[in-house]
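Chemist: What follows is a single structure, and I will ask about it in a moment.
The values are calculated or read from the model by the stated rules, or taken from the named source; none is laboratory data. Just so you know, these numbers come straight off a predicted model, no measurement behind them. Don't worry about glycine lacking a Cβ; one is built from the backbone with ideal geometry, like all the others, and counts go over all protein chains shown. Side chains are part of the model used for accessible areas, which takes the heavy atoms of the whole protein and leaves out ligands, DNA and RNA. Shrake-Rupley method; radii C 1.70, N 1.55, O 1.52, S 1.80 Å.
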Amino acid sequence: MDSPARQHLAAPNSSKRWVVLGGVGMLAVAVALFAYFGAEIRANERKSPKGPPAIPVTVAAVAQELVPFRIRAIGNVEAYSTVALKARADGQIVEVGFKEGEEVKRGQILFKIDPRPFEAALRQAEANALRDTAASDQARSQERRYQELLDKNFVSKEAYAQIRTNATTAEAGARASQAMLDNARLNLEYCTIKAPIEGYAGKIQIQMGNLVKANDVNPLVVINQVHPIYVNFAVPEQRLAEVREYMASDSLAVEALAPGTEQAAATGVLIFVDNAVDPSTGTIRLRARFANKENLLWPGQFVGVSVRLFDEPDAIVIPSTAVQTGPEGQYVYVVGQDMLADVRKIEVQRTDGDRTIVSKGLEKGERVVTRGQLRLGPKSRVQISKSPAEPS
């Protein structure tokens, strides 16, 4: 039997064994947990590719299509014809037959001037014409009677000459009266002012009730004809030879569109090339005519103009947003089947609106990045996302 002292000495040794066994167990649990989570991490690493995350970009396919060759410029719209109406008779305006800004027809009555003074003058001229015509007829009748008497030697030649002179004078007076009558009728017609052309009326400069003078400095109203209508613009003199060459072979189509509008462009035909280049600007003035049936163009308006010279078949076309410019020139990012974006140097032939025609460096069907290029580098991994314009 152990003594109490031996039992007291054995107790600490037993406690140490339990501490050692507990530490070993905790170490085993930790190793097991590390092995489990390590296997999970390695499995996830095998599932996902190594390297940085893919960069979201939008892409567009390289197209090969027929593209028209256009010359673009800024033009100014000009009315086909402009008429500033002025009074041709003095008087008071008693009637206005249209509203400002209204479309008027040719022959439509626009203004009326008080006709009463001219009607009175016309009646007086008619009376004078009747009087002088009667006097002329009487003088001619007397001249014929004296001619018969002269043939029978009943009157002298001097007497007949006087009668003939009186008849000629009376006839001249009748003609003068007739001219005065015609002038009186014309003045009465001037009291009614009609539209000489079809177009749109501007602001009325002299309102009803005011007195006007014949051929006054200020017009009554200005009318602009807009059907058809002109667009004037200028292109660099380097394009003159091309314009003249293609204009000689066929009529050149011209499109005009006001900036910021959502309407379709108006279409017209080039009709005029100026006979001299402006030496101060180095440009040549051109003019196009548009039917303008839908009033898309308005006098004085500034519009974007494009002249279509010819059509280029099988052109390589990409969106202009895909083209980037670097120290070595222009380039694009091309996305391959491995979803890696690579830098491709290109040669740009020209731009046509929001499209760019490429002469070298791309082939039909390849995909170029149109948005997200700033985050890309050579061999960057990308993820294609839909463009905001594309349906979801």
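Chemist: Using only Cα atoms, find the angle between the long axis of helix 4-47 and the longest principal axis of the chain, and express it within 0 to 90 degrees, rounded to the nearest 10.
Modeler: For helix 4-47, the angle is close to 30 degrees.
Chemist: Right, here's the next one. For residue 112, list the lysines whose Cα falls under 18 Å from its own Cα; do not include residues on the same chain fewer than 8 positions away.
Modeler: Within reach: 86, 99, 194, 203, 213.
Chemist: Can you put 359, 306 in order of accessible area, largest first, using a 1.4 Å probe? Intermediate results must be reported in sequence, preceding the final value.
Modeler: Numbers: 359 70, 306 10 Å².
Accessible-area ranking of 359, 306, largest first: 359, 306.
Chemist: Suppose R0 equals 45 Å; then what is the FRET efficiency for residue 294 and residue 371 from their Cβ-Cβ distance, rounded to the nearest 0.05? Present the calculation step by step, with values, prior to reporting the outcome.
Modeler: Values: r = 36 Å, r/R0 = 0.79.
The value I calculate is 0.80.
Chemist: Any idea of residue 347's accessible area? Nearest 10 Å², probe 1.4 Å.
Modeler: 100
Chemist: Indicate the gyration tensor shape class of the stretch 57-129 (rounded, prolate or oblate), computed on the Cα atoms with a ≥ b ≥ c the square roots of the eigenvalues: a/c under 1.5 is rounded; otherwise a/b larger than b/c is prolate and the rest oblate.
Modeler: Values: a/c = 5.66, a/b = 4.11, b/c = 1.38.
Prolate, because a/c is 1.5 or more and a/b exceeds b/c.
Chemist: How do 372-380, 68-76 rank on mean C-beta neighbours within 10 Å, highest first?
Modeler: Values: 372-380: 14.4, 68-76: 16.6.
Packing order, densest peptide first, comes out as 68-76, 372-380.
Chemist: Further question: Return the lysines within reach of residue 386: Cα separation strictly under 30 angstrom, same-chain partners fewer than 8 residues apart disregarded; answer none if there are no such residues.
Modeler: Candidates past the 8-residue exclusion: 47, 50, 345, 360, 364.
Chemist: Another question, if that's okay. Are there GluC sites (Glu not before Pro) in the stretch 196-262 that DSSP puts in a loop and that have at most 11 other Cβ atoms within 10 Å, and which ones?
Modeler: On the way: sites: 198, 237, 242, 245, 255, 262; in loops: 198, 262.
Passing sites in the stretch 196-262 are 262.
Chemist: Exactly which trypsin sites (Lys or Arg not before Pro) in the stretch 93-173 are in a DSSP loop and have at most 11 other Cβ atoms within 10 Å? Intermediate results must be reported in sequence, preceding the final value.
Modeler: On the way: sites: 99, 105, 106, 112, 123, 131, 140, 144, 145, 152, 157, 164; in loops: 99, 105, 106, 152.
For trypsin sites (Lys or Arg not before Pro) across the stretch 93-173 that sit outside H, G, I, E and B with at most 11 neighbouring Cβ atoms in 10 Å, the list reads 99, 105, 152.
Chemist: Just add up the charged neighbours of residue 218: K/R +1, D/E -1, any other residue whose Cβ is under 14 Å from the Cβ of residue 218.
Modeler: Details: positive: 86, 203, 213; negative: 216.
Local net charge: +2.
Chemist: Further question: Based on the Cβ-Cβ distance of residue 109 and residue 183, what FRET efficiency does E = 1/(1 + (r/R0)^6) give at R0 = 25 Å, to the nearest 0.05? List each step's numbers first, then the result.
Modeler: Numbers: r = 22 Å, r/R0 = 0.88.
Approximately 0.70, to the nearest 0.05.
Chemist: Got a sec to turn the phi values of the stretch 269-283 into Karplus ³J(HN,Hα) couplings, 6.51 cos²θ - 1.76 cosθ + 1.60 with θ = phi - 60°, whole Hz, x for Gly and Pro?
Modeler: 9, 6, 10, 8, 10, 4, 8, 7, 7, 6, x, 6, 10, x, 10
Chemist: Here's another thing I want to ask about it. By the scheme Lys and Arg +1, Asp and Glu -1, what is the net charge of all other residues having a beta-carbon under 12 Å from that of residue 342? Let's see the in-between values first.
Modeler: Details: positive: 344, 345, 367, 379, 381; negative: 338, 366.
Summing Lys and Arg as +1 and Asp and Glu as -1 gives +3.
Chemist: Name the residue, out of 53, 299, 219, whose mean-square fluctuation peaks in a Gaussian network model built on the chain with Cα pairs under 10 Å.
Modeler: Sorting by GNM fluctuation, first place goes to 53.
Chemist: Mind telling me which of 155, 221, 273 comes out most flexible in a GNM of the chain, alpha-carbon contacts under 10 Å?
Modeler: Of the options given, 155 has the highest mean-square fluctuation.
Chemist: Follow-up. As an exercise, identify the chymotrypsin sites (Phe, Trp or Tyr not before Pro) in the stretch 124-192 lying in DSSP coil whose Cβ has no more than 11 other Cβ atoms within 10 Å.
Modeler: Numbers: sites: 146, 154, 160, 190; in loops: 154.
Sparse-neighbourhood loop chymotrypsin sites (Phe, Trp or Tyr not before Pro): 154.
Chemist: Next question, about the same structure. Nearest 10 degrees is fine. How inclined is helix 116-151 to the longest principal axis of the chain, computing both from alpha carbons?
Modeler: 40
Chemist: May I pose another question? Compute the FRET efficiency between residue 354 and residue 280 as 1/(1 + (r/R0)^6), taking r as their Cβ-Cβ distance and R0 = 35 Å, and round to the nearest 0.05. Working shown, then result.
Modeler: Working: r = 33 Å, r/R0 = 0.94.
Once the sixth-power term is evaluated, E becomes 0.60.
Chemist: Turning to a different aspect of this structure: Using the 2.2 N^0.38 Å rule of thumb for compact globular proteins, work out how the chain stacks up: its C-alpha Rg over that value, please.
Modeler: On the way: Rg = 48.6 Å, N = 392, 2.2 N^0.38 = 21.3 Å.
Compared with the compact-globule rule of thumb, the chain sits at 2.29.
Chemist: For the stretch 74-196, what is the convex hull volume of the alpha-carbon atoms per residue, in Å³?
Modeler: On the way: hull volume 20.2 nm³, N = 123.
Hull volume normalised by residue count: 164 Å³.
Chemist: In addition: Quick one: check the C-alpha center-to-center distance for the stretch 68-125 versus the stretch 311-369, whole angstrom.
Modeler: 57
Chemist: As a check on your grasp of the helix formula, calculate [θ] at 222 nm for the chain: sum -39500 (n - 2.57) over DSSP H runs of n ≥ 4, divide by the residue count, round to the nearest 500. Present the calculation step by step, with values, prior to reporting the outcome.
Modeler: Working: 4 runs with 124 residues, N = 392.
Rounded to the nearest 500, the figure is -11500 deg cm²/dmol.
Chemist: Give me the number: length gained by fully extending residue 238 to residue 301, i.e. 0.36 nm times residue separation minus the C-alpha to C-alpha distance, one decimal in nm.
Modeler: Contour length minus the Cα-Cα distance gives 20.0 nm.
Chemist: Excluding residue 274 itself, calculate the net charge of residues whose Cβ lies under 10 Å from the Cβ of residue 274, where each Lys or Arg counts +1 and each Asp or Glu counts -1.
Modeler: That works out to +1.
Chemist: Right, here's the next one. Take the alpha-carbon centre of the stretch 179-216, take the same for the stretch 151-172, and report the distance between them in whole Å.
Modeler: 47
Chemist: So how much accessible area does residue 325 have, in Å² to the nearest 10, using a 1.4 Å probe?
Modeler: We get 110 Å² for residue 325.
Chemist: Going by alpha carbons, how many degrees (0 to 90, nearest 10) lie between the helix axis of 240-249 and the longest principal axis of the chain?
Modeler: 70
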